[in-house]
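The values are calculated or read from the model by the stated rules, or taken from the named source; none is laboratory data. Everything numeric in this text was worked out from a predicted model, so none of it was measured. Virtual Cβ from ideal backbone geometry, glycine too; neighbours counted across all protein chains shown.
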Amino acid sequence: MKFTFVTLFPNLIKPYFEESILKIALQKNILQIDTINPRDFTKDKHKKVDDTLIGGGAGMLMTPQPLNDTLSHIKKKDNSAYIIFLTPSAKLFTQKDAKRLSKKEHIVFVSGRYEGIDERVIEMHANEVFSIGDFVLTGGELPSLVICDAISRNIQGVLGNSSSLEVESFENHLLEAPSFTKPNIFKKNSVIKEFLKGNHGKIATLKYDLSLLKTKYHRPDLYKKLKTKGKYHEK
Ligand code: ADE
């Protein structure tokens, strides 16, 4: 799987792939990454990539020409490139999207800066547009890394132990149950006693109940979906 990051600040992207799991995935060639700077495509003699808003409004917007030429260049080289724009005014990215997108061959993330991107470029090129939450960041670079990370761990071979994917949060619309490691007692706090007894059937039931409680308390919106989809039975 290839990820291309279209950004005015490529140096924000590269360090994230220099450690841990994603570094190993690059070394194994399971993932490839590339960055392209739209400033290199501007026809403006001062290399300008932003301008004021038509119709008024504060701040500057990324102009269409450099981004349009960057994306046309990428598509010309690879017509399978799947283009995702990041903006806070879009649908929210979810775990379901991460799984679905992990089947693509080449994803291109387009990061806005300043007050955003001229809407016409989004309409001309976007296969999808995502927000990562109801807050506004200074640019799309962090959201693109967040989404890239979430997609990558669903790609075969990226995680050492892919069975860990099955029990984590959002599988079956549930938050993951609390987990513990050694020591059994830490600063006078014990792990849940049942977890120490080795009865895996009982532990699984308890974990499921704890997942339900956690979801009900922290994410009533998810819990409601669970009930309406008939995914759990009230005892
Ligand atoms: N750019 C700025 N804020 C963002 C957000 N919340 N999601 C996606 N892109 C963004």
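Confirm whether Thr7 is in the same structural domain as Ile147 (by TED's automatic domain parsing), surrounded by 18 or more Cβ atoms within 10 Å (Cβ to Cβ) and within 24 Å of the chain's Cα centre (by Cα).
yes
Could you tell me whether region 72-86 includes any residue that is within 16 Å of the ligand (Cβ to nearest atom) and over 26 Å from His173 (Cβ atoms)?
Yes; the residues of region 72-86 include at least one that is within 16 Å of the ligand (Cβ to nearest atom) and over 26 Å from His173 (Cβ atoms).
What are the residues in region 178-235 that are at pLDDT 95 or above and β-branched (Val, Ile, Thr), if any?
Thr181, Ile185, Val191, Ile192, Ile203, Thr205, Thr215
Test of understanding: among Asn11, Asn29, which residue is free of Cβ contacts under 8 Å to residues at least 24 places away in the same chain and within 14 Å of Arg113 (Cβ to Cβ)?
Exactly one of Asn11, Asn29 is free of Cβ contacts under 8 Å to residues at least 24 places away in the same chain and within 14 Å of Arg113 (Cβ to Cβ), namely Asn11.
Name the single residue, out of those in region 129-141 being touching a strand residue (DSSP E or B) at 6+ places or on another chain (Cβ under 9 Å) and closer than 16 Å to Val6 by Cα, that is nearest to the ligand (Cβ to nearest atom).
Across region 129-141, the extreme among qualifying residues is Gly140.
Taking the condition of being of a type in the set (Lys, Arg) and within 13 Å of the ligand (Cβ to nearest atom), how many residues in region 142-162 meet it?
Result for region 142-162: 0.
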